[in-house]
Structures are given as structure tokens and as C-alpha cells.
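*Asks:* Here you go, one structure.
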Amino acid sequence: MIRDLNSILTGTPAAMAQGPITASAASTNYIDNKVASKGDAASLYLYVAITQDFDNLTSLDITLQQDDNSAFSSALTVESHNVLLANAVAGKIVEFELVPGDMERYIRLYFTVNGSAPSAGKVIAFMTPDKQTNFYAVTAWLDSL
């Protein structure tokens, strides 16, 4: 699995997880497809991993958005996943498959809290050219952060 700081949509280099997510919010970072090197990949994969259990909420919507401007003033939804509280636990991984040529210039994630505001719950999101089939390796990497 290839990862670099330019392919991580959440957090900072010191703390790559975003959270706790206590209200609806956009990912900390966005990816500029004009600058990002996508290589020859026909598809890219974006993974969102929950690194800390969520509490209180009914569910969390994880939405991939694209736009032609970095302010996301006219953001379009590419794909969305709804994660129920019972599944919003550390180790849960959500996958998005991206087709680089079909994307607008900027992409980000948007997290929508449904129900009561949580006081705990963190995620990390990263893009990779490789489809992950060994989630043990992904969770081992997350544990090392």
C-alpha cells in the first residue's frame, strides 16, 4: 500500500486522524487532482478508517465530494456511505473507488452526523492506487500511528 502526506484527507502530519468529529464537517484536507500524481492508475481507491469508536450519534454519513474550486462552493456528491452507530467502531473501513479522468479538480470528504452529537469518534482517510484486500495490513498501519 502506497501512502504519502499528499494522499491523506484527514488530520495533519503529526496526527493523521481527524476528530473527534462532534458535528458535521468537511475533511481537514482536500486533494487537488491537477497537482496530485495519479500515475497510470485506471482507478484509485480512497479508504476511510474509523480509528476511535463513535458514541451518541445515530449514524455517520461519509460523503465523497468533488468541485472545480477549492472552496467547494458548488460541491457535487460522488458517492456516500451511511455507517450506523453499531458499526462506527475502530477498525471499520469504508471504500470509495475513484476514476481519475471522471473527477473534477478538487475532492474532499464530508462527514454528516445524524442524531445526537458524538463526543468521541475519529477517522483517517487516505487514497492509494492499490485496492486493499489485506485489511490486517491497513489496521496494523493505523495501530502504528
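The values are calculated or read from the model by the stated rules, or taken from the named source; none is laboratory data. The structure presented is a predicted model; accordingly, all values stated were derived computationally and were not measured. As a convention, Cβ positions derive from the backbone with ideal geometry for all residues, glycine included, and neighbour counts pool all protein chains shown.
*Asks:* Restricting attention to region 118-132, which residues are at pLDDT 90 or above, in a loop (DSSP other than H, G, I, E, B) and surrounded by 13 or more Cβ atoms within 10 Å (Cβ to Cβ)?
*Replies:* Correct list: P118, A120, G121.
*Asks:* Another question about this same structure. Name the residues in region 62-87 that are surrounded by fewer than 17 Cβ atoms within 10 Å (Cβ to Cβ) and more than 20 Å from Y106 (Cα to Cα), would you?
*Replies:* Of everything in region 62-87, those that are surrounded by fewer than 17 Cβ atoms within 10 Å (Cβ to Cβ) and more than 20 Å from Y106 (Cα to Cα) turn out to be N82, L84, A86, N87.
*Asks:* Moving to a separate point now. Here is a list: V94, V113, V48. Which entry is under 17 Å from I31 (Cα atoms) and either more than 14 Å from the chain's Cα centre (by Cα) or β-branched (V, I, T) (or both)?
*Replies:* Sole residue among the options that is under 17 Å from I31 (Cα atoms) and either more than 14 Å from the chain's Cα centre (by Cα) or β-branched (V, I, T) (or both): V48.
*Asks:* Of everything in region 33-69, what is assigned to a strand (DSSP E or B) and at pLDDT 95 or above? Give them in sequence order.
*Replies:* Correct list: L57, T58, S59, L60, D61, I62, T63, L64, Q65, Q66, D67.
*Asks:* Please count how many residues of region 70-117 are outside any strand (DSSP E or B), without any contact (Cβ under 8 Å) to a residue 40 or more places away in the chain and within 14 Å of I50 (Cα to Cα).
*Replies:* Residues meeting the conditions: 5.
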